[in-house]
1. Can you pick out the pairs among Lys82/Lys177; Lys87/Lys122; Lys156/Lys187 whose Cα atoms lie more than 21 Å from each other?
2. Please give the helix 72-83 orientation as an angle from the longest Cα principal axis of the chain, in degrees from 0 to 90, rounded to the nearest 10.
3. Let me have the relative contact order for the chain, percent, based on Cα pairs under 8 Å that are six or more residues apart.
4. Per residue and in Å³, how big is the convex hull formed by the alpha-carbon atoms of the range 21-131?
5. Taking R0 as 35 Å, what FRET efficiency do you get between Asn84 and Asn19 from their Cβ-Cβ distance, rounded to the nearest 0.05?
6. Could you list Leu56, Leu180 so that the one with the fewest beta carbons within 10 Å of its beta carbon is first and the one with the most is last?
7. Over the range 3-82, what is the relative contact order in percent, taking alpha-carbon pairs closer than 8 angstrom and at least six residues apart?
8. Note down the magnitude of the dipole of the chain about its Cα centre, charges +1 on Lys and Arg C-beta and -1 on Asp and Glu C-beta and zero elsewhere, to the nearest 20 debye.
Amino acid sequence: MQFGFVREILEANLIPYENLRYLENEGVAAIDWEALKSSGRRAVVFKSHDVRVVELLPPDADVRPVFIKIDLRDTFLSAREKWNWQKEMIPDMILDYQRSIEYFESLDTGLFQTYETAYRDKAAAISELARFLGMSLSQSQLNKIAGQELKLSRGKRLIYQMIKKMVFIRRAIPIPKTRLEKATGRKLFRSTMTKMIEPDSQLHPDHMSKRKGAPGGWVCGLTDGEKEVFNSHGL
């Protein structure tokens, strides 16, 4: 959500930028920053799941990192549905998250935003991002950005629904999967999901559910056992 907000703020301020979408560390290291500079782009926007990616950016770059805090119970629910995560993975997930926050705090240059708060008050979150970027928005620009609804194209929604049905049907067939089927199926699924990501918003097809991005799905979605693991870690 905030990825789209940043893009909209730049566009409202007529700032030419390069949308690099989602990048792993290897992707960041491979970027030709000099070529981007010579292209006339005044800003580069990308998202990553690794906070240490800032170490790979040019030393003279004016970096404005934004860390999105989110309820890990919702994150786990999403990962369980997408990647079949098990509750045994929860402790490591929490530890990685805590370490990421500690590292980001040590940078002393970034902005923390909470997904749940931003979802409830998009205008306030957008205003905070604009100030952090050193830019301004008129009230009409702010209202326009805050009022936009994130949507996937109809074609991508239909394809995703079809894939989900195929997965459901395969799970119902009482025949064990071979190693080849598991490996091939996982690779194909991830490749298809990556291609279906909306480039402008970085919205995943599996982010669109009956809740339409609303936080709190874990309340009814997690099992009692999963909730107990989170409770034992103070969540």
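Bear in mind these aren't lab numbers, they're just calculated from the coordinates by the rules spelled out. These figures come from a predicted structure and were not determined experimentally. Reconstructed Cβ throughout: ideal geometry from the backbone, glycine too, with neighbour counts over all protein chains shown.
1. Working: Lys82/Lys177 18 Å; Lys87/Lys122 32 Å; Lys156/Lys187 19 Å.
Lys87/Lys122, as the Cα separations exceed 21 Å there.
2. The two axes meet at around 60 degrees.
3. Details: 185 pairs, mean separation 63.0, N = 235.
Worked out over the chain, it gives 27 percent.
4. On the way: hull volume 14.7 nm³, N = 111.
That works out to 132 Å³ per residue.
5. Details: r = 31 Å, r/R0 = 0.88.
Given R0 = 35 Å and the Cβ-Cβ separation, E is 0.70.
6. Values: Leu56 16, Leu180 8.
Ascending Cβ contact count within 10 Å gives the list Leu180, Leu56.
7. On the way: 53 pairs, mean separation 25.1, N = 80.
After rounding, I find 31 percent.
8. Details: 37 positive and 31 negative charges, 317 e Å.
Here the size comes out at about 1520 debye.
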